[in-house]
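**Student:** The structure follows.
All of the numbers you see were taken from the coordinates with simple rules; none came from a lab. A quick note: this is a predicted structure, and the numbers were derived from the prediction, not measured. Note that we place each Cβ from the backbone using ideal geometry, even for glycine, and neighbour counts take in every protein chain shown.
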Amino acid sequence: MICAKGLHKRYKKTVAVDDLSFEVRPGVVTGFLGPNGSGKSTTMRLMLGLDHGEGETRFDGEEFASIRRPMNRVGTLLEAKPFHPTRSARNHLKMLASANGIDDARVDKVMELVGLGPVKRKKPKGYSLGMAQRLGLAQALLGDPDTLLLDEPTNGLDPHGIHWMRDLLKRLASEGRTIFVSSHLLSEMQLMADELVVIGRGTMIFNGDVDQFVREFTRSTVIVRSPAAGTFISALEAEGATVAKGDDGELVVSEMEIGAVGHLAFTEGVELAELSSRSASLEEAFMSATGAAEQFVAEKPIQTAHASRGAQNA
């Protein structure tokens, strides 16, 4: 269990992290989300005592700095390339293993686990970003820890690597480990995470179940197709539903459950060609929840005259 209480960090007049408190439970993957500049990396550094600030974080009751051999308890990946430039990747891990009482056999095991076995004797300064991420994960796993803190671990990985990372973290969580991972890949987080901590401008927006987050910040809709769509709209609106016309003649119904829509169609004698529900995505919920907390807002692309002529010609 990770218990963070009252985490706070100020850079001169700017508050980067504002009194954050949350728990990360074992046995599940907990995603850590927020827009750029929201304070995610600073929060992780505060949790590990790498930044000076207020509050405390305990890992199974102990602060990170008081753990005698921390790699055996808490594995971390905060930066892509924190490696010695002249050592081979294997020797870099051997150095860390020696300092934490870890056998050399574990070094070879984790390098094979992350797919770097064939290049373990090469210097990591020549690694690509994706390879460096894999070496960083090998470092985090070196002590076979019960807890992992990973900041953007899929950064630089190709689609196969991202799929592999997801499966690995879910398997580690199923073994009862505590997994806390940040990412900007929301579609991937929706597949991987069970619970979420969502922040914006350093403050807590949400802490809880993924499905609950989606329900709280979006609304599901019911899709209806019917030869009598025009007549059915009036009946739906009379029951308090909000109806919008979608693509290809579909009706997008909100504020009414799918069962109630089906029952209304039956009682009104309306033939249905389709009746289905459409749930919002984690990305839609994230955009809704954090829109007001976005710090770096770019201008919308301006349509050029060339693009406008192309659209007209099409």
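**Student:** Determine the relative contact order of the chain: mean sequence separation of Cα pairs under 8 Å and six or more apart, normalised by residue count, in whole percent.
**Tutor:** Once divided by the residue count of the chain, the mean separation gives 20 percent.
**Student:** With the crude spin-label approximation of a point 7 Å out along Cα→Cβ, what separation in nm comes out for Glu268 versus Glu216?
**Tutor:** Output for this residue pair reads 3.4 nm.
**Student:** On a straight-distance basis, which lysines could pair with Lys245 in a cross-link, Cα separation under 27 angstrom, same-chain partners fewer than 8 positions away excluded?
**Tutor:** Lys300
**Student:** Now for a different question. Count the DSSP beta bridges whose two residues both fall in the chain, then state the antiparallel fraction as a percent rounded to the nearest 5.
**Tutor:** Given both bridge residues lie in the chain, the antiparallel proportion sits at roughly 65 percent.
**Student:** If packing is taken as the mean number of other Cβ atoms within 10 Å per residue, what is the order of 45-56, 130-141, highest first?
**Tutor:** Listed from highest to lowest mean packing, they are 130-141, 45-56.
**Student:** State the percent of C-alpha pairs, over all pairs in the range 5-67, separated by a distance greater than 18 angstrom.
**Tutor:** 36 percent
**Student:** With r defined as the distance between the Cβ atoms of Ala105 and Glu237 and R0 fixed at 51 Å, what FRET efficiency is calculated, to the nearest 0.05?
**Tutor:** The pair Ala105/Glu237 has a calculated efficiency of 0.15.
**Student:** Same structure again: Using the beta-carbon distance between Ala244 and Leu50 and R0 = 51 Å, what value does 1/(1 + (r/R0)^6) give for FRET efficiency, to the nearest 0.05?
**Tutor:** 0.55
**Student:** Separate question: Please compute the net charge surrounding Asn207, taking Lys and Arg as +1 and Asp and Glu as -1 over other residues with Cβ under 10 Å from its Cβ.
**Tutor:** -3
**Student:** For the cross-link pairs Lys9/Lys125; Lys40/Lys109; Lys12/Lys125; Lys5/Lys40, which exceed 27 Å when the distance is taken from alpha carbon to alpha carbon?
**Tutor:** Numbers: Lys9/Lys125 32 Å; Lys40/Lys109 31 Å; Lys12/Lys125 35 Å; Lys5/Lys40 15 Å.
Listed pairs above 27 Å: Lys9/Lys125; Lys40/Lys109; Lys12/Lys125.
**Student:** Where the only charges are on Cβ atoms (+1 Lys, Arg; -1 Asp, Glu), what is the dipole of the chain about its Cα centre, to the nearest 20 debye?
**Tutor:** With only Lys, Arg, Asp and Glu charged at Cβ, the dipole is about 2200 debye.
**Student:** Distances over 18 Å make up what percent of all Cα-Cα pairs in the range 219-279?
**Tutor:** Distances greater than 18 Å cover 18 percent of the Cα pairs.
**Student:** With each label point set 7 Å from Cα along the Cα-Cβ vector, what nm distance links Leu191 and His8?
**Tutor:** 4.1 nm
**Student:** Write down, largest first, the equivalent ellipsoid semi-axes of the range 2-216 in whole Å, where each equals the square root of 5 times an eigenvalue of the alpha-carbon gyration tensor.
**Tutor:** Equivalent-ellipsoid dimensions as semi-axes: 28, 19, 17 Å.
**Student:** Shifting gears a bit: At q = 0.16, 0.17, 0.20 Å⁻¹, what log₁₀ I(q)/I(0) does the range 2-108 have when each alpha carbon counts as one equal point scatterer in the Debye sum?
**Tutor:** Rounded to two decimals, the profile gives -0.87, -0.94, -1.13.
**Student:** At a Cα cut-off below 20 Å, give the aspartates and glutamates reachable from Lys94, other chains included and same-chain residues fewer than 8 away excluded.
**Tutor:** Correct list for Lys94: Glu79, Asp103, Asp104, Asp108, Glu112, Asp144.
**Student:** Excluding Asp108 itself, what net charge comes from residues whose Cβ is under 15 Å from its Cβ, given Lys and Arg +1 and Asp and Glu -1?
**Tutor:** Charge balance in the 15 Å sphere: +4.
**Student:** May I pose another question? Where does the charge balance sit around His263 when Lys and Arg score +1, Asp and Glu -1, over other residues with C-beta under 12 Å from its C-beta? Working shown, then result.
**Tutor:** Working: positive: none; negative: Glu239, Glu257, Glu268.
Charge balance in the 12 Å sphere: -3.
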